[in-house]
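Asks: I am attaching a structure below and will ask some questions about it afterwards.
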Amino acid sequence: MQVKNILFYDGDCALCNHCVQYVIKHEKGEVLLFSSLQSDFAKKELTKYNYDFSLANTLVLVKDNKAYFKSNAALTLNKFLKAPYSWLYVFKIFPNFFRDWVYDIVSRNRKKWFKKQFCF
């Protein structure tokens, strides 16, 4: 089976797990699969895209066999959501360096800011 659309996320992160549940609740129908970055599947699949596994804090979206990282992954993920959530893609107008800077701040602090236990 050829996987076309899959979101790789940090399975040890409450924020990431909450986001996955949010996407499942609001997706518009196009098939999107999910996998923890810590899984064997992720290790096998992401080697195709030269993913650095020391960066488990980086969201990765593979859409139509193209990998998106950090803010590009988060914004492209919005294309899978129903309106009005899909409209968040408009934030692509901001330069990538600025979007990734904001993404990195949240990523660095996510486990401190979002300590809620999760079960998914």
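Asks: Report, ordered by chain and residue number, the aspartates and glutamates lying within cross-link reach of Lys4, taken as a straight Cα distance under 15 Å and ignoring same-chain residues fewer than 8 apart.
Replies: Candidates past the 8-residue exclusion: Glu30, Glu45, Asp64.
Asks: Restricting to bridges with both residues inside the chain, how much of the DSSP beta-bridge set is antiparallel, in percent to the nearest 5?
Replies: Working: 9 of 13 bridges.
The answer is about 70 percent antiparallel.
Asks: I would also like to ask the following. In the neighborhood of Leu81, defined by Cβ-to-Cβ distances under 14 Å, what is the net charge if each Lys or Arg adds +1 and each Asp or Glu adds -1?
Replies: Net charge around Leu81: +3.
Asks: DSSP H helices in the chain with Cα extent of 30 Å or more along the helix axis and mean Kyte-Doolittle hydropathy at least 1.0? Walk me through the numbers on the way to the answer.
Replies: Details: long enough: none.
Helices passing the filter in the chain: none found.
Asks: Counting only protein heavy atoms, what percent of the accessible surface of the chain is carbon or sulfur at a 1.4 Å probe? It would help to have the intermediate numbers written out before the result.
Replies: Details: 4580 of 7500 Å².
Carbon and sulfur: 61 percent of the exposed surface of the chain.
Asks: Another question, then. Which aspartates and glutamates have a Cα less than 17 Å from the Cα of Lys92, not counting those fewer than 8 places away in the same chain?
Replies: Lys92 reaches Asp100, Asp104.
Asks: Show that you can apply the helix-only estimate: for the chain, add -39,500 (n - 2.57) for every DSSP H stretch of four or more residues, divide by all residues, and state [θ] at 222 nm to the nearest 500. Display every interim value, and only then the final one.
Replies: On the way: 4 runs with 46 residues, N = 120.
Mean residue ellipticity at 222 nm (helix-derived): -12000 deg cm²/dmol.
The values are calculated or read from the model by the stated rules, or taken from the named source; none is laboratory data. Please read all numbers here as calculations on a predicted model, not as lab measurements. For neighbour counting, all protein chains shown are included, and Cβ atoms are generated from backbone atoms with ideal geometry for every residue, glycine included. Side chains included, ligands, DNA and RNA excluded: accessible areas come from the protein's heavy atoms. Shrake-Rupley method; radii C 1.70, N 1.55, O 1.52, S 1.80 Å.
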